[in-house]
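Visitor: Pasting a structure below so you can have a look.
What follows draws every value from the coordinates through simple rules; no lab data is involved. This is a predicted model, so every value here is computed, not measured. Heads up, the Cβs are rebuilt from the backbone with ideal geometry, glycines too, and the neighbour counts pull from every protein chain shown.
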Amino acid sequence: MPSTSSNTAAPCWKKQHQQNMEQRRKGLDAASIGRVDGMVTECRNRLMDSIKKISAQSSSGGRKLGLFLSGGVDSSAILQAAALSNVQLDAAITVVIIDPSDEENTISRRSPDDELYAIEAARLYNDSVSDTRKMKHSIVKLSPAHLIKEYSRPTIKTLALWGYMETRNSLIISAALHEADKLGITDIIVGDNADELFGGSYDCYFHEKYSNDHEAWKEKRNSMAELPFVTQKLATEYGIAVHQPFTDQDIFVQWALNKTSRDDCVNTDKCELQSHFGGPYEVQNCGKLPLREAFCTVASWRRMDWIFRGSGASDGDILVEHYNTSIGISDDEFQSEQAEYVAEKGVKLKSKEHLHNIRIFQEVFGGLVHPTKERYPIGDPRGCVSCCFEIDEQFCHLCDEYPAQHPEKA
């Protein structure tokens, strides 16, 4: 397992931070460099202001402030912003998925990347504060079976859906919130919306059609920045207040949408990212440039991974593999029910994971009934093409279908 000591890791990522900043500015005129530097400074100041605001909101009545620390760009930046702003965090929580077959092989088993980045980020935070202000770092290690068994039902009940696009990441979030509750955390900071604001995680931000059409890129980015997040809903079940600095309209959102452009946010040929902790840096599509440059952290130039992947061992596929092989649904059973759902209910199931989740959904809600959405007859153009529930956008959050509209309506 790669060392997490500052003697080996810190010089590498600090050197890379400086190198990427220099590489990005190479060939730019003085005015362009001034704009880049100004955006970075503004982003840094705004995140620090937002963290101070959150601290003030959660500092009374014995409340305790925590952070969901995935070890990614966003949460690591938040952690450093807290340190620079003299904001005390009571705990950081990291959730990782462990392959049970590797539990006894502690020598050769590689820890999930989220764990490795988060450990180093937490250590650096604690090194920067006094002994009386040290932050507890809680690492929750769960097998796929434990994660799915304990958190599927409450997550599906709270979100009222069965699609994996929402549930997979939400299982990790639910586990983190559960741990926060056990630690007595009343308020938790999360990095929601940084990817959407600064062109981070979605392939569409790097599509070649936007290379010379920056206004179209901005329109797409601005529409993505209005996407809803499930963290608030999940946290309500634990009585925890969620704070999302990158959704703060006054401090962050309006500035980002009105002032930042494609060139401010993304690069495709200069910046080098790290795919695994301790691994090499390679040129890749890179978004969130203002945030990456604003805070020099161990994860500043980490490649983006979905929560369920970064928290899992190796390439993060053990959770997906568990759904495919170990949830008690045979291939014949899945194929039979898949055909039955299409023929009798107009519902298309793409995987055993879908079948597992929709079974829970029907147990919780008493059938194919949604608390707020109407379900239309099979073939009705008002409903989703894959589940028949009403939709108000192209993507169906219930079943993951995209585009979800019938061809004659699209």
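Visitor: When the chain is modelled as a GNM with alpha-carbon springs shorter than 10 Å, which of 344, 179, 272 fluctuates the most?
Guide: Per the Cα network of the chain with a 10 Å cutoff, 344 tops the list.
Visitor: Using 26 Å as the Cα-Cα cut-off, could you pick out the over-long pairs in 52/141; 14/270; 157/348; 141/352?
Guide: 52/141
Visitor: Additional query: Give me 157, 220, 288 ranked fewest to most by other Cβ atoms within 10 Å of their Cβ, as a rough exposure proxy.
Guide: The most exposed by this proxy come first: 157, 220, 288.
Visitor: Of all DSSP beta bridges in the chain, what percent run antiparallel (nearest 5)?
Guide: Here the antiparallel bridges make up roughly 25 percent for the chain.
Visitor: Fewest first, what order do 387, 396 take by the number of other Cβ atoms within 10 Å?
Guide: Placing the least packed residue first, the sequence is 396, 387.
Visitor: What number, in percent, do you get for the relative contact order of the stretch 244-289 if the mean sequence gap of Cα pairs under 8 Å and at least 6 apart is divided by its residue count?
Guide: Averaging sequence separation for qualifying contacts and normalising by length gives 31 percent for the stretch 244-289.
Visitor: Still on this model: With the contact rule set at Cα under 8 Å and sequence spacing of 6 or more, what percent relative contact order holds for the stretch 100-221?
Guide: 14 percent
Visitor: Using +1 at the Cβ of each Lys and Arg and -1 at the Cβ of each Asp and Glu in the stretch 218-361, identify which of 324, 284, 257 lies farthest towards the dipole's positive end.
Guide: It is 257.
Visitor: Something else about it: Among 66, 55, 151, pick out the residue whose Cα is farthest towards the positive end of the charge dipole of the stretch 30-160, where Lys and Arg carry +1 and Asp and Glu carry -1 on C-beta, about the Cα centre.
Guide: Sorting the options by dipole projection puts first 55.
Visitor: Can you give the net charge of the other residues whose Cβ lies under 12 Å from the Cβ of residue 186, counting K and R as +1 and D and E as -1?
Guide: After counting each charged neighbour, the total is -1.
Visitor: Counting Lys and Arg as +1 and Asp and Glu as -1, each charge on the Cβ, what is the dipole of the chain about the Cα centre in debye, to the nearest 20?
Guide: It comes to approximately 1220 debye.
Visitor: Can you tell me which of 141-147, 204-210 comes out highest on packing, and rank the rest after it, using the mean Cβ neighbours within 10 Å?
Guide: 141-147, 204-210
Visitor: Tell me, what ³J(HN,Hα) does each residue in the stretch 288-299 have, in order and in whole Hz, if you take phi through Karplus 6.51 cos²θ - 1.76 cosθ + 1.60 with θ = phi - 60° and put x for Gly and Pro?
Guide: 6, 4, x, 6, 4, 6, 5, 9, 7, 10, 4, 10
Visitor: Using only Cα atoms, locate the centre of the stretch 20-54 and the centre of the stretch 257-274, then give the distance between them in Å, rounded to an integer.
Guide: 11 Å
Visitor: With a bin width of 5 angstrom, please list the P(r) values of the stretch 9-136 as percents of all Cα-Cα pairs, from the 0 bin to the one holding the largest distance.
Guide: Here the calculated profile for the stretch 9-136 is 2, 9, 15, 17, 17, 14, 11, 8, 5, 2, 1, 0.
Visitor: Let me ask you something else. Could you work out how far the C-alpha centroid of the stretch 320-351 sits from that of the stretch 141-175, in angstrom?
Guide: One Cα centre to the other: 18 Å.
Visitor: Of the candidates 269, 99, 195, which one comes out as most mobile in a Gaussian network treatment of the chain with C-alpha springs shorter than 10 Å?
Guide: Sorting by GNM fluctuation, first place goes to 269.
Visitor: Rank 60, 138, 75 by mean-square fluctuation in a GNM of the chain with C-alpha springs under 10 angstrom and give only the top-ranked residue.
Guide: 60
Visitor: In a shell of Cβ-Cβ distance under 12 Å around residue 202, excluding residue 202 itself, what net charge do Lys and Arg (+1) and Asp and Glu (-1) give?
Guide: With Lys, Arg at +1 and Asp, Glu at -1, the neighbours total 0.
Visitor: Could you work out the relative contact order of the chain, using alpha carbon pairs under 8 angstrom and six or more residues apart, expressed as a whole percent?
Guide: In percent, rounded to a whole number, it is 21.
Visitor: Of the listed values [x] 20.4, 68; [y] 37.2, 138; [z] 22.0, 66, grab the one calculated as Rg and Dmax of the Cα atoms in Å from the structure here.
Guide: [z]
Visitor: Could you pull out every one of the lysines with an alpha carbon less than 23 Å from that of residue 53, ignoring same-chain neighbours closer than 8 positions?
Guide: Candidates past the 8-residue exclusion: 64, 134, 136, 233, 259, 288.
Visitor: Spit out the partnerless Cys residues in the chain, using Cβ distances under 4.7 Å as the pairing rule.
Guide: Result for the chain is 12, 43, 204, 265, 296, 388, no neighbouring Cys Cβ within the cutoff.
Visitor: Near residue 220, which aspartates and glutamates are there with a Cα under 14 Å away, not counting those fewer than 8 places off in the same chain?
Guide: 195, 196, 203, 208
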